[in-house]
1. Does residue A:125 satisfy the condition of being away from chain B (no Cβ under 14 Å), more than 13 Å from the chain's Cα centre (by Cα) and part of a helix (DSSP H, G or I)?
2. Exactly one condition in (1) within 22 Å of the chain's Cα centre (by Cα); (2) within 30 Å of residue A:181 (Cα to Cα); (3) modelled with pLDDT under 85 is false for residue B:198; which is it?
3. Please work out which one of (1) part of a helix (DSSP H, G or I); (2) at pLDDT below 90; (3) under 30 Å from residue B:92 (Cα atoms) is the condition residue B:214 fails and give its number.
4. Scan the stretch B:126-166 for residues that are more than 9 Å from chain A (Cβ to nearest Cβ) and assigned to a loop (DSSP other than H, G, I, E, B) and jot them down.
5. Could you please give the count of residues in the stretch A:25-51 that are assigned to a helix (DSSP H, G or I) and over 16 Å from residue A:126 (Cα atoms)?
6. More than 17 Å from residue B:223 (Cβ to Cβ) and either surrounded by 15 or more Cβ atoms within 10 Å (Cβ to Cβ) or touching a strand residue (DSSP E or B) at 6+ places or on another chain (Cβ under 9 Å) (or both): does that describe residue B:2?
7. Restricting to the stretch B:12-41, and then to whatever is free of Cβ contacts under 8 Å to residues at least 24 places away in the same chain and surrounded by fewer than 12 Cβ atoms within 10 Å (Cβ to Cβ), can you tell me which residue is nearest to residue B:210 (Cα to Cα)?
């Protein structure tokens, strides 16, 4: 367990010293959001209608882009071999890595999203729904994405492949997340959608680390 | 019974045994497949009564529905074969899984194409974001993901394992995707555009459909046998028995 804690600490320190690691996804998030008023229509009424979906799609893409690097360095510099040799459970290790990834990508997104939703003219009632749906949804994005990241860690130009592999799996989260925000915007009940997201999170948290651990082992035979 | 199954399983693990036995089994799948599909097509297209609402355009159901059913069950079979490979390290299972992926994707594509062609006369457009069409499209994406991942890996073993892991993750996700898409769909638009429900079909329309479904399954089995036989030959190309086989054919 101490190895997992040490890895989490190390990764957080690295992220703190390389602000780009957590700032770049945020900037990407902002830029994608800016594309929609420019490309489609800057009319506030129209923006309010699409805000829920657009913010969620942008958050999803930003997470996806930051995933590529999740295991790459550890595979390349031999850290992965050390983990396996240490006898520490890969399951815990996978959870630890995902936790760090969420701290530097999902959490900042969740905190900044309400601010950016302002620019998209999201109805006031929807802010708490946006915050809570992202708070529950982004860890699932990190967990599912970690499977793809582990599978493609050893592949050159794995970024595009990662998106191909993972995007279809993100659809349910996108549907429930965006619909929670949309329903809050038209003053309807949205606890059900959050409930679904919470249950997806529980399933993903218990099952995906197995897949991540299995996929990480593949990188050894290369 | 159990012992016999276990023996069959262990024999299945031997590529050479599979290659020899599948040559004998192949016609028992291929000929009934051809018969079922000919009978089903002719019956369905020429003799089944026309639908009172959709007229003759409903007849595409005899291709569309079997292809859609096959596309879904093929994904499950691929994931199960992958699991067998991951758990018991049975190479044959990996080769079967690898041969299923493109076949399943093709059936998925056929289902989407025929769905679009069917949609034009009945709904007035080629594409509607109907729950079933959308979840079929996502299934096609899942197939593409597995195939792209298998292609990108540099060794055969990692390709097989990575494909197996991804298809298992996908298998867990398929029901979630399916139900969330259905749920999304009922919220966004009223479900007026439902396809003909199978259970309410008239008997003389249903029987050719069932024959076609059986025919498609047999065709699927035939294709898997053929592709897996190729896989066996390719992977075992340096083994003695394959060399002898090739020599024997050359001498003939």
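1. When the stated conditions are applied, residue A:125 passes them.
2. (2)
3. Just one mismatch for residue B:214, condition (2).
4. B:126, B:127, B:128, B:129, B:130
5. 15
6. Taking the combined requirement at face value, the residue does not satisfy it.
7. B:27
Quick grid of which residues meet (1) surrounded by 23 or more Cβ atoms within 10 Å (Cβ to Cβ); (2) within 22 Å of residue B:202 (Cβ to Cβ); (3) out of contact with any helix residue (DSSP H, G or I) (no Cβ under 9 Å at 6 or more places or on another chain):
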position	(1), (2), (3)
B:49	no, yes, no
B:57	no, yes, no
B:61	yes, yes, no
B:84	no, no, no
B:90	no, no, no
B:94	yes, no, no
B:102	no, no, no
B:110	no, no, no
B:114	no, yes, no
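The values are calculated or read from the model by the stated rules, or taken from the named source; none is laboratory data. Keep in mind the model is a prediction, meaning the values are calculated, not measured. Note that each Cβ is placed from the backbone with ideal geometry, even for glycine, and that neighbours are counted across all protein chains shown.
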